[in-house]
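The values are calculated or read from the model by the stated rules, or taken from the named source; none is laboratory data. Bear in mind the structure is a predicted one, so any value in this text is a computation, not a measurement. Using ideal geometry, Cβ is built from the backbone for each residue, glycine included, and neighbour counts are taken over all protein chains shown. Surface accessibility is based on the protein's heavy atoms, side chains included, excluding ligands, DNA and RNA. Shrake-Rupley method; radii C 1.70, N 1.55, O 1.52, S 1.80 Å.
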Amino acid sequence: VYARAPEGDDLVDALRAARRDRGLAVLEGFHAVKHAVRFGARLVDLVVADPAGLAALGAALAPDVAPALAALARPVDPALLARALPAAPRTGVVGVAERPAVDARAVLAGAGPAPVVLLEDPRHLGNLGACVRVAAAAGAAGVLTTGDRDPWAPEALRGAAGLHFALPVARVGAPDPGGRPLVALDPAGAPLGPGGLPARAVLAFGTERAGLSPALLARADARVALPMRAGVSSLNLATAVAAALYAGAGTLRG
Ligand SMILES: C[S@@+](CC[C@H](N)C(=O)[O-])C[C@H]1O[C@@H](n2cnc3c(N)ncnc32)[C@H](O)[C@@H]1O
């Protein structure tokens with residue numbers, strides 16, 4: 001529960017609590033707030049350290065949502081944001097939204113050829129957010145994660161520039177492909193060519209240090225690699241997701 005328009009020390013406490021609240025999404029920075037509102041987020045608060053700066057950013061970068069942002073925004077002392085957040089955004093724009101309910105089984109059962117991105121135990125929240133961002137951009141059907149990291153954590157929302165609101169994002173207990181082809185992205189797999197992934201695939205990506213688990217690799221219908229120059233061990237997780245979606249899945253082909 002987020003108090004209505006908290007001020008002063010109450011705002012500091014409310015934002016700190018909201019960052020840990022699994023029912024809320026704390027959006028740090030103009031771009032995160034912009035995308036969230038554009039894709040239907042319900043904001044419960046929008047605080048701005050620089051109202052004139054928000055108006056200028058809205059006019060320049062997001063005229064579609066600028067009136068909605070202006071109507072919701074309330075000015076606050078920048079010192080409060082500096083106290084409330086580990087790294088206050090340079091734009092001084094911070095939103096708090098309700099997280100949407102996401103049904104992972106419905107994501108997997110959804111119609112259409114778009115792939116689902118499955119991240120096995122991602123550790124770095126900024127990296128996780130970058131995966132959500134490219135999945136949203138490339139038209140993936142959703143992003144599912146396993147492991148203990150919260151994919152809606154503020155650091156992940158920041159890495160995704162708020163694009164969690166553009167597609168379903170959820171943590172799941174087990175990596176069940178729900179009847180879709182399960183494709184393991186693995187540097188030791190068979191070389192992947194352009195458009196070489198099946199429609200409706202669950203594309204599984206491994207944890208940053210160790211890669212995919214033996215259990216997931218054993219279960220996969222195929223193991224594919226993004227070809228790399230000799231001597232390069234692997235791609236960064238989010239760049240691997242980007243390359244697979246754009247080159248292999250071809251999600252944006254007409
Ligand atoms: C940083 S990598 C993990 C590196 C790990 N040592 C390994 O060998 O898989 C994180 C994930 O990105 C994906 N990835 C990175 N480079 C890849 C490549 N060249 N081909 C396919 N997947 C790749 C894999 O899913 C991998 O588990």
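Quick one: length gained pulling residue 239 to residue 1 fully straight, 0.36 nm per residue minus the C-alpha distance? Don't jump to the answer; show the numbers that get you there.
Numbers: separation 238, 0.36 × 238 = 85.68 nm, distance 3.63 nm.
Net length gain for the segment: 82.0 nm.
Using only alpha carbon pairs under 8 Å that are at least six residues apart, calculate the relative contact order of the chain and give it in whole percent. Intermediate values should be presented prior to the final figure.
Numbers: 521 pairs, mean separation 52.0, N = 254.
The value is 20 percent.
In Å², and per residue, what accessible area does the chain have when probed at 1.4 Å with the other protein chains present? Please list the in-between numbers first.
Details: 11640 Å² over 254 residues.
On a per-residue basis, the chain sits at 46 Å².
Tell me, in nm to one decimal, what length is gained between residue 68 and residue 21 on full extension, where the rule is 0.36 nm per residue of separation less the Cα-Cα distance? Walk me through the numbers before you get to the answer.
Details: separation 47, 0.36 × 47 = 16.92 nm, distance 2.47 nm.
My answer for the length gained is 14.5 nm.
Per the 1.4 Å probe, what fraction of the accessible area of region 115-254, in percent, lies on carbon and sulfur atoms?
Numbers: 3220 of 5850 Å².
C and S atoms contribute 55 percent here.
Take every DSSP beta bridge whose two residues both sit in the chain, then give the antiparallel share in percent to the nearest 5. Let's see the in-between values first.
Numbers: 11 of 32 bridges.
Of those bridges, close to 35 percent are antiparallel.
Could you tell me the largest-minus-smallest coordinate of the C-alpha atoms of region 77-180 on each of the three principal axes, in descending order and whole angstroms?
If we take the Cα atoms of region 77-180, the spans are 51, 24, 21 Å.
Taking every pair of alpha-carbon atoms in region 119-242, give the share separated by more than 21 Å as a whole percent. Display every interim value, and only then the final one.
Working: 2621 of 7626 pairs.
Summing the P(r) tail past 21 Å for region 119-242 gives 34 percent.
Given labels modelled 7 Å from the Cα in the Cβ direction, how far is it in nm from residue 221 to residue 39?
Label-label distance for residue 221 and residue 39, simple model: 2.6 nm.
Calculate, in nm to one decimal, what residue 79 and residue 111 gain on full extension: separation in residues at 0.36 nm each, minus their alpha carbon distance.
Numbers: separation 32, 0.36 × 32 = 11.52 nm, distance 4.79 nm.
Answer, rounded to one decimal: 6.7 nm.
So what's the net charge close to residue 88: Lys and Arg +1, Asp and Glu -1, counting the other residues with Cβ under 13 Å from its Cβ? Provide the component values of the computation, followed by the final result.
Working: positive: 16, 19, 83, 90, 158; negative: 28, 50, 77.
Local charge sum for residue 88: +2.
Return the calculated 222 nm mean residue ellipticity for the chain, to the nearest 500 deg cm²/dmol, obtained by summing -39500 (n - 2.57) across DSSP H runs with n ≥ 4 and dividing by the residue count. Numbers along the way, then the final one.
Working: 10 runs with 86 residues, N = 254.
Rounded to the nearest 500, it is -9500 deg cm²/dmol.
Out of the DSSP beta bridges found with both residues in region 46-195, what percent are antiparallel (nearest 5)?
Details: 3 of 12 bridges.
The antiparallel proportion sits near 25 percent.
Quick check: pseudo-label points 7 Å beyond the Cα along Cα→Cβ at residue 10 and residue 60, how many nm apart are they?
It is 3.5 nm.
Mind checking Rg over Rh on region 1-106, alpha carbons, Kirkwood formula for Rh? Don't skip to the end; give the middle numbers.
On the way: Rg = 13.4 Å, Rh = 13.9 Å.
Reported Rg/Rh, Kirkwood definition of Rh: 0.97.
Expressed as a rounded percentage, what relative contact order does region 1-119 have, with Cα pairs under 8 Å and six or more residues apart?
Values: 152 pairs, mean separation 43.6, N = 119.
In percent, rounded to a whole number, it is 37.
Is the shape of region 19-74 best called rounded, prolate or oblate, per the rule: a/c under 1.5 gives rounded, else a/b larger than b/c gives prolate, else oblate, with a ≥ b ≥ c the square roots of the Cα gyration tensor eigenvalues?
Values: a/c = 2.05, a/b = 1.57, b/c = 1.31.
Judged from the Cα gyration tensor, region 19-74 comes out prolate (a/c at least 1.5, a/b above b/c).
Taking 4 °C and 1.567 mPa s as the conditions, I'd like the Stokes-Einstein D for the chain in µm²/s, using the Kirkwood hydrodynamic radius from alpha carbon pairs. Spell out each step's value before the answer.
Values: Rh = 19.0 Å.
Answer from the Stokes-Einstein relation: 68 µm²/s.
Taking the Cβ of residue 147 as the center, what net charge do the other residues with Cβ under 13 Å away carry, scoring Lys and Arg +1 and Asp and Glu -1? Walk me through the intermediate numbers first.
Details: positive: 123, 149, 171, 209; negative: 120, 121, 148, 150, 208.
Surrounding charge for residue 147 is -1.
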